[in-house]
Amino acid sequence: MAAEGYRELATYLAQAHPAPSTPDEPAAVAVAYVRFALEHPALFRAMVAEPCGPTSEERVAATAAISEYVRTIVGATFPDADADALSTTMWALVHGLAFLYLDGKLGSSTPEIVAAQAASAVHALFNAAPAMSGTAAAFQPGA
């Protein structure tokens, strides 16, 4: 069931925007991720309830496809960024938002409110990077 859910999610994300390349477009994909979780809560929870171990090749392939999609859109949108780190950050952000909504920690009274909040969170992430460039340079792990 989890692998099928990941395939459905991948289709849902691609329908939101097949090849994002501007900061607004990945935000639309982030909104789609959160909406998928809210529209399919039982499936979404089942998808993430178990670790994605090597015993389920189908599940590993399905999650790898989503991971690659996120990495690709981040790389196209921010070609000078570390695509692996930024895609992990973006996925973690929208995944966390999805669970905050599902668990009632954030108000999800209308789809429009959810979309605005999710898009704002992604934009805040993308806008923070340039603003923090001097701070980030000063804070290098292991330096």
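Taking the numbered list (1) touching a Pro at 6+ places or on another chain (Cβ under 7 Å); (2) surrounded by 20 or more Cβ atoms within 10 Å (Cβ to Cβ) in turn, Val34 passes all entries but (1).
Please go through the stretch 1-15 and pick out each residue that is surrounded by 19 or more Cβ atoms within 10 Å (Cβ to Cβ) and farther than 13 Å from Leu43 by Cβ. Within the stretch 1-15, Leu13 is the sole residue that qualifies. Restricting attention to the stretch 67-110, the residues being in contact (Cβ under 8 Å) with a residue 24 or more places away in the chain, under 10 Å from Val34 (Cβ atoms) and out of contact with any helix residue (DSSP H, G or I) (no Cβ under 7 Å at 6 or more places or on another chain) number 2. Out of Val60, Val29, Val34, I need the residue that is modelled with pLDDT under 85 and not aromatic (Phe, Trp, Tyr). Which one? Of Val60, Val29, Val34, the one residue that is modelled with pLDDT under 85 and not aromatic (Phe, Trp, Tyr) is Val60. Return the only residue of Ala46, Ala85, Ala92, Ala42 being modelled with pLDDT of 85 or more and in contact with a Gly (Cβ under 9 Å, 6 or more places away or on another chain). Exactly one residue qualifies, and that residue is Ala46. Checking each residue in the stretch 96-106 for being modelled with pLDDT of 90 or more and either more than 14 Å from Pro26 (Cβ to Cβ) or basic (Lys, Arg) (or both) picks out Gly96, Ala98, Phe99, Leu100, Tyr101, Leu102, Asp103, Gly104, Lys105.
The values are calculated or read from the model by the stated rules, or taken from the named source; none is laboratory data. Nothing here was measured: the structure is a model prediction, and the numbers come from that model. So basically every Cβ, Gly included, is an ideal-geometry build from the backbone, and we count neighbours across all protein chains shown.
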